[in-house]
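The values are calculated or read from the model by the stated rules, or taken from the named source; none is laboratory data. Computed from a predicted structure; not experimentally measured. So basically every Cβ, Gly included, is an ideal-geometry build from the backbone, and we count neighbours across all protein chains shown.
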Amino acid sequence: MAIRTLEEKFQHGLGDIYDAEHRFLEAQQTMLESATSATVQKNLEKHIAETEQQIVNLTKVYESLGLTAKRIACDAAKGLVTEGDKLLKETKDVPELADLGITGSCSKVEHYEIAAYRGLIACAESMGQTEIARLLQENLQQEENTAQTLETTMPTLLKQAMKTSSQAA
C-alpha cells in the first residue's frame, strides 16, 4: 500500500513498532529462561514489565487516533530476534557467553527502538499530537534508560566471559 500522507506514514511506523514490541517481548521471555546471571535476569525482568507497559501506551496512541491497534510486520524486529535466537543457540553451552549474547542482543534492540520512537515523536509533534507525543516519549525514556543499563552491565559480563574463555583454552 502506498503511503501518501504524513498521517499514513505515522500509522505505518506505529504499526511497525507495535509489532516490534510484541516480537521483542516474546524474545525477552525466551531469553529470560536461558539467562544465568542474576544481573541479566533482573534486567530482563524489568524490561519485560516495561515492554508490556509500552504496548499499553501504544494501544492508547491508537485509541487517541480513533483506530484499532494493528501490527504491521516489522522485518527489522524479526531479523533482530532471529539473530538473537541464533546466538543463544550457539552459546548455550557456555552460560557466560550466553548472558553476554543476551545483553548484546538486547542492546541492539534498544537502539532500534530508540530510533523508531524518536521518529514517531517528531512526526506526532509535527502533526500537533502532544498527548500522543507524550506517550511515545515515555516509551523512549524507558528505552534510553535500558540501553544505558545494558551498556553499563556489558564490561562485567565481558570480563566473566573472558575468564571462562581463558580457562577453556
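Return a yes/no flag: does segment 98-106 have any residue that is surrounded by fewer than 22 Cβ atoms within 10 Å (Cβ to Cβ) and either more than 17 Å from the chain's Cα centre (by Cα) or outside any helix (DSSP H, G or I) (or both). Checked against the condition, which is being surrounded by fewer than 22 Cβ atoms within 10 Å (Cβ to Cβ) and either more than 17 Å from the chain's Cα centre (by Cα) or outside any helix (DSSP H, G or I) (or both), segment 98-106 yields no hits at all.
The set of residues in segment 13-48 being crowded, with 17+ Cβ neighbours inside 10 Å, polar (S, T, N, Q) and not in a helix (DSSP H, G or I) consists of 37 alone. Of the residues making up segment 1-12, those that are in a helix (DSSP H, G or I) and surrounded by fewer than 20 Cβ atoms within 10 Å (Cβ to Cβ) number 6.
Taken over segment 9-37, the criterion of being within 17 Å of residue 59 (Cα to Cα) and either among the polar types (S, T, N, Q) or modelled with pLDDT under 95 (or both) is satisfied by 11 alone. Answer yes or no as to whether residue 167 is among the polar types (S, T, N, Q) and either in contact with a Phe, Trp or Tyr (Cβ under 9 Å, 6 or more places away or on another chain) or surrounded by 19 or more Cβ atoms within 10 Å (Cβ to Cβ) (or both). No: the conditions fail for residue 167.
Every residue in segment 61-75 that is of a type outside the set (A, V, I, L, M) and surrounded by fewer than 14 Cβ atoms within 10 Å (Cβ to Cβ), please. Listed by number, the residues that qualify are 63, 64, 66, 68, 70, 75.
Scanning segment 40-81 for residues that are under 26 Å from residue 157 (Cβ atoms) and hydrophobic (A, V, I, L, M, F, W, C) turns up 40, 44, 48, 49, 76, 77, 80, 81. Here are some residues: 68, 51, 82. Which one is among the β-branched types (Val, Ile, Thr) and not in a helix (DSSP H, G or I)? Selected residue: 68, the only one of 68, 51, 82 that is among the β-branched types (Val, Ile, Thr) and not in a helix (DSSP H, G or I). Comparison of 94, 40 shows that the only residue that is within 25 Å of residue 165 (Cβ to Cβ), modelled with pLDDT of 95 or more and not hydroxyl-bearing (Ser, Thr, Tyr) is 40. If the condition is being closer than 30 Å to residue 159 by Cα and among the hydroxyl-bearing types (Ser, Thr, Tyr), then segment 1-39 contributes 30, 34, 36, 37, 39.
Suppose the filter is of a type in the set (D, E, K, R) and within 16 Å of residue 144 (Cα to Cα); does residue 108 pass it? Yes: the conditions hold for residue 108.
This table checks each residue for (1) at pLDDT below 95; (2) among the aromatic types (Phe, Trp, Tyr); (3) in contact with a His (Cβ under 9 Å, 6 or more places away or on another chain); (4) farther than 28 Å from residue 28 by Cα.
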residue: 121; (1), (2), (3), (4): no, no, no, no
residue: 125; (1), (2), (3), (4): no, no, no, yes
residue: 129; (1), (2), (3), (4): no, no, no, yes
residue: 136; (1), (2), (3), (4): no, no, no, no
residue: 140; (1), (2), (3), (4): no, no, no, no
residue: 147; (1), (2), (3), (4): no, no, yes, no
residue: 159; (1), (2), (3), (4): yes, no, no, no
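Exactly one residue out of 58, 87 is without any contact (Cβ under 8 Å) to a residue 24 or more places away in the chain, out of contact with any Lys or Arg (no Cβ under 9 Å at 6 or more places or on another chain) and surrounded by 13 or more Cβ atoms within 10 Å (Cβ to Cβ): that is 87.
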